[in-house]
Amino acid sequence: MVKSYYAKTALLWLCEETPKDDWTTVSKSVIKLLDFLEQAVDTGNLPCYFWSEVNLLRLTSQGDREVMKKALHDIRQNLNTLLAQKTARMPDVTYS
């Protein structure tokens with residue numbers, strides 16, 4: 001299981017590091033997020049966005065990180081289905 005706070009933190013870091021033109025599609029953006037999270041879990045290092053000296057993963061065991069890696073892998077494997085389910089329930093939005 002990947003805590004939503006980890007995903008939110010990763011997204012904040014990605015927003016800071018990624019040029020706005022690189023955010024082309026939802027699926028590519030989610031893949032960027034998964035890549036970032038997988039690297040953080042692999043290294044055991046996910047700095048808190050608001051206090052970067054704090055590593056959010058510092059107290060997670062190797063076993064917990066393995067569970068997170070599996071969850072991230074499963075999300076990646078089922079990404080198209082998951083996105084289709086979510087977007088089917090979203091209302092149409094018009095920007096002016």
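The values are calculated or read from the model by the stated rules, or taken from the named source; none is laboratory data. Please read all numbers here as calculations on a predicted model, not as lab measurements. Ideal geometry is used to build each Cβ from the backbone, glycine not excepted, and the neighbour counts take in all protein chains shown.
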List the residue pairs whose Cβ atoms are under 9 Å apart, where the first residue sits in region 35-55 and is without any contact (Cβ under 8 Å) to a residue 60 or more places away in the chain, the second is among the acidic types (D, E), and the two are 6 or more positions apart or on different chains.
F36/E17; V41/E66; P47/E53; Y49/E16
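Among the residues of region 21-33, is there at least one that is charged (D, E, K, R), surrounded by 12 or more Cβ atoms within 10 Å (Cβ to Cβ) and without any contact (Cβ under 8 Å) to a residue 40 or more places away in the chain? Working first, answer last.
The initial filter retains those residues of region 21-33 that are charged (D, E, K, R), namely 21-22, 28, 32.
Retained after the next criterion (residues that are surrounded by 12 or more Cβ atoms within 10 Å (Cβ to Cβ)): 32.
Restricting the remaining residues to those that are without any contact (Cβ under 8 Å) to a residue 40 or more places away in the chain gives 32.
Within region 21-33 (the criterion being charged (D, E, K, R), surrounded by 12 or more Cβ atoms within 10 Å (Cβ to Cβ) and without any contact (Cβ under 8 Å) to a residue 40 or more places away in the chain), the answer is yes, since at least one residue qualifies.
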Can you pull out the residues in region 1-20 that are in contact (Cβ under 8 Å) with a residue 40 or more places away in the chain and assigned to a helix (DSSP H, G or I)?
Y5, Y6, T9
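For region 42-57, check the following and say yes or no: at least one residue is of a type in the set (A, V, I, L, M) and at pLDDT below 95. Full working, then the answer.
First, the residues of region 42-57 that are of a type in the set (A, V, I, L, M): 46, 54, 56-57.
Going one step further and asking which of them are at pLDDT below 95, we end up with none.
There is no residue in region 42-57 that is of a type in the set (A, V, I, L, M) and at pLDDT below 95.
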Give the residues of region 12-41 that are within 19 Å of K69 (Cβ to Cβ), modelled with pLDDT under 95 and among the β-branched types (V, I, T), sorted by residue number.
V30, I31
Suppose we keep only residues that are in contact with a helix residue (DSSP H, G or I) (Cβ under 8 Å, 6 or more places away or on another chain) and of a type in the set (D, E, K, R) within region 34-52. Which one would you say is surrounded by the most Cβ atoms within 10 Å (Cβ to Cβ)?
E38
